[in-house]
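Each remark here refers to the structure printed beneath this line.
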Amino acid sequence: MGERILVTGAAGMLGSHIVDRLAAEGHRVIAVDRRPPDPGYSYRSDARVEPVVGDVTDVGALSELIHRADAVVHVAAILAHADGDSPAPLMAVNVAATHAIFEECARRSVRVVYASSGSVYGASRPAVNGRPPAPFVEADAPGDLGFYGLSKHVNELYADVFAREQGLRAVGLRLGTLFGARLRMGLTSRFLLSVLADAEEGRIPEVSEDPDHGREWVHVADAAECFVRALRLEGPAGAINVGTGHPQRLEDVLMTLLRLAGAPEEIRWSTGSPRGGFSAARSYDPALARRVLGFAPDPDPTAGLRSFLAWHRSGAADRKGARS
């Protein structure tokens, strides 16, 4: 019999894949989220998984769940913040709730793996003669942060202090751009869904992004694997990049998706025509992940895009869209 592991954000794209992986390894999982899991989620019928509808800002209820757990995977978060909006809701979920989880885990000697983000590095780096810049390494200082990046940076600082002062065993995983099955419209990679929808209806997709901007494309299954491996670490390990070190231009990724879908490889860019080289990029050195976790995501997104397309065509994306 495996351990009992609490997963927050368990109904989301990343959280649900982590739940699936943990259950497949024989662990018992307490899967908590503000909404129930979608009808298509396999873990709904898995006796090893206990779905719980709850909010991570409910400190009392969360403490009771942590009391029942051997380890915690914390991926619940508000992922977007519009300019001009109050950051209070984002900070309540991303910072205050995470602080409460760290405090309770330290008190009960429960180890925790939490989702950080490549946003802690700040803005993308400019390209060098059309080539991608050097990837970020974990020792790089934070850049100019928005509220989301700030929330993740604060969590890392909290984890470090709790580790020093109270013995918290915590690992933070700095994630690149996630994509894959169960993608929701609120995520950064949401335009994959709109591009497919346009192509399937015979329209030329319109994308209001820089076609030459490079980013990490991390398949959600690879990210889930990193979380499962991080749970096996005994002591605190600080923050670890979950990336490939090889950014992909947005145009290249979307053209690959259209080709796999059998659609015309044509996109209408509202920000100007692609030049074929990088304009800027953000990527994350995977060396520490390979050394500590023994694993890093696949740098080629093609296989992940193929499985994403299969999920989309299964109709699951339409069922999720009604609830996103």
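For segment 199-323, take every pair of Cα atoms, bin their distances at 5 Å starting from 0, and report each bin as a whole percent.
Taking all Cα pairs of segment 199-323, the binned fractions are 2, 10, 16, 18, 18, 15, 11, 7, 3, 1, 0 percent.
Find out how many positive minus negative residues lie around E206, taking Lys and Arg as positive, Asp and Glu as negative, among other residues whose Cβ is under 13 Å from that of E206. Write down the numbers at each step before the final one.
Numbers: positive: R203, R268; negative: D198, E201, E209, E266.
Cβ neighbours under 13 Å give a net charge of -2.
Please give me the summed charge of the neighbours of G172: other residues whose Cβ is under 11 Å from its Cβ, Lys and Arg +1, Asp and Glu -1.
On the way: positive: K152, R174; negative: E138, E156, D160.
For residues surrounding G172, the net value is -1.
Tell me the label-point distance for the pair E201, I78, using the 7 Å Cα-to-Cβ offset, in nm and rounded to one decimal.
Reported label-point gap for E201 and I78 is 3.0 nm.
Between the DSSP loop rule and a limit of at most 14 other Cβ atoms within 10 Å, which trypsin sites (Lys or Arg not before Pro) in segment 204-301 are left? Intermediate results must be reported in sequence, preceding the final value.
Working: sites: R215, R229, R232, R249, R259, R268, R275, R282, R290, R291; in loops: R232, R275.
Answer by residue number: R232, R275.
Tally Lys and Arg at +1 and Asp and Glu at -1 over the other residues with C-beta under 12 Å from the C-beta of V52: what net charge comes out? Intermediate values should be presented prior to the final figure.
Numbers: positive: R34, R35, R68; negative: D33, E50, D55, D58, E64.
Here the count lands on -2.
Only counting other Cβ atoms within 10 Å, I'd like V112, V161, V171, V7 sorted with the fewest neighbours first. Display every interim value, and only then the final one.
Values: V112 28, V161 12, V171 25, V7 31.
So the residues, fewest neighbours to most, are V161, V171, V112, V7.
Quick one: Cα centre-to-centre distance for segment 4-58 and segment 63-139, in angstrom?
That distance is 19 Å.
With all pairs of different alpha carbon atoms counted, what Kirkwood hydrodynamic radius in Å does segment 1-69 show? Don't jump to the answer; show the numbers that get you there.
On the way: mean 1/r = 0.0849 Å⁻¹.
Hydrodynamic radius (Kirkwood, Cα pairs) of segment 1-69 is 11.8 Å.
What's the long-distance tail for the chain, i.e. % of Cα pairs beyond 27 Å?
Details: 22359 of 52326 pairs.
The answer is 43 percent, as a whole percent.
Could you work out [θ]222 nm for the chain from helices alone, using -39500 (n - 2.57) per DSSP H run of at least four and dividing by all its residues? Round to the nearest 500 deg cm²/dmol. Show your work: numbers first, answer last.
Numbers: 11 runs with 115 residues, N = 324.
Taken over the chain, the calculation gives -10500 deg cm²/dmol.
Between D298 and V128, what is the label-to-label distance in nm when each label sits 7 Å out along the Cα-to-Cβ direction?
Inter-label distance under the simple model: 3.0 nm.
Kindly put S116, S45, S189 in sequence by how many other C-beta atoms sit within 10 Å of each C-beta, fewest to most. Mind dumping the intermediate values first?
Values: S116 24, S45 7, S189 19.
Listing S116, S45, S189 from fewest to most nearby Cβ atoms yields S45, S189, S116.
Taking amide H atoms as placed 1.01 Å from N in the peptide plane, list the residues 5 or more away in sequence, or in a different chain, whose amide H sits under 5 Å from that of R174.
So R174 has HN proximity to S116, I240, N241, V242.
Take L14, L293 and order them by how many other Cβ atoms sit within 10 Å, fewest up front.
L293, L14
Could you rank the peptides 121-131, 296-306 by their average count of other C-beta atoms within 10 Å per residue, with the highest value first?
Details: 121-131: 15.1, 296-306: 18.6.
Ranked from most to least packed, the peptides come out as 296-306, 121-131.
Coordinate-derived values only; no laboratory data. Only a predicted model underlies this, so the values are computations on that prediction, with no experimental measurement involved. Cβ atoms come from the backbone with ideal geometry, glycine included; neighbour counts cover every protein chain shown.
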